[in-house]
Each structure stands twice: as C-alpha cells, then as structure tokens.
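What follows draws every value from the coordinates through simple rules; no lab data is involved. This is a predicted model, so every value here is computed, not measured. Note: ideal-geometry Cβ built from the backbone for every residue, glycine included; neighbour counts use all protein chains shown.
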Amino acid sequence: MADPAGIVIPYKELSPEALQGLLEEYVSREGTDYGHSSYSLAQKVAAVRRQLETGRAVIVFDPVHQSCNIIPQQDLPPDRQAD
C-alpha cells in the first residue's frame with residue numbers, strides 16, 4: 001500500500017526529460033518483476049507511461065525520503081483517488 005503522506009505529482013507537470021528519467025529509473029529498479037517474459041527498456045517505459053496516461057498509475061513523491069515512486073492509482077487512500 002502507498003504511503004498516504006506522499007504527494008501525488010501529475011505526470012504532465014514533469015518536463016519530458018524528467019518524466020523519461022523517472023520512468024527509466026523506475027522500470028530498471030532491482031526487484032521489478034516482469035514474469036517470464038523479456039521486455040526492452042523502451043517497452044517497459046512505454047507500458048508504465050500508458051498506465052500514467054490512463055490514470056491507472058500515479059507518481060508519488062515522498063518528502064521524507066526525497067524520492068518518487070509510481071504506484072497503482074487504486075493504492076492511494078480513497079480520499080486521494082481521482083474520480
């Protein structure tokens with residue numbers, strides 16, 4: 001479950017370069033599970049970008065740890081979920 005203290009950052013507020021860097025960092029994290037299939041970095045980035053664009057995922061900034069994460073929108077507390 002997401003940390004409810006995080007700040008949701010709309011992906012459109014990031015510069016294209018910052019968003020690309022965040023997506024690449026996110027999909028290349030150790031422990032990210034893609035099952036038995038093998039996907040390129042570009043394919044992984046495109047899949048997560050689509051999730052952000054469709055609202056299925058959101059970017060959350062943790063001010064305590066000064067870090068960003070991408071989480072399923074449904075993992076936000078109900079009062080913070082988009083309609």
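Could you put 58, 8, 45 in order, starting from the residue whose Cβ has the fewest other Cβ atoms within 10 Å?
8, 45, 58
Non-local amide H neighbours of residue 8 (under 5 Å, H modeled in plane, Pro and chain starts lacking H): which ones?
When sequence neighbours closer than 5 places are left aside, the close amide H contacts are 61.
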